[in-house]
């Protein structure tokens, strides 16, 4: 396996684990609220969205592109760091190899 493939694979795995931890934390928080607390929280969120009337398509597209660019940048940064650690060692020059020069 090439070092780039391994780095990207481990980066994808790491980002997936972080996302899974976020989803788990959110679910635990919502379960701790109980049914009435959860429904009240969702009602407040709905009222906030309706009050702001945030349905501008261009703002949504622009925001999605910003989030996508940021997420891809973080993914590439993690992949490059992992590839740096997985990179094979550089071979020694021929003059320093054992058994050479005798």
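Just so you know, all these numbers are worked out from the coordinates, no wet-lab data involved. This structure is a prediction, so every number in the text was calculated from the model and none was measured. Backbone-built Cβ (ideal geometry, glycine too); neighbour counts: all protein chains shown.
Taking other C-beta atoms within 10 Å as the exposure proxy, 80, 43, 11 rank 43, 80, 11 from fewest upward. Counting 0.36 nm for each residue step from residue 65 to residue 15 and taking away their Cα separation leaves a gain of 16.1 nm. Please state the shape class of the range 3-81: rounded when a/c is under 1.5, otherwise prolate if a/b exceeds b/c and oblate if not, all from the C-alpha gyration tensor. Cα axes put the range 3-81 in the oblate bin.
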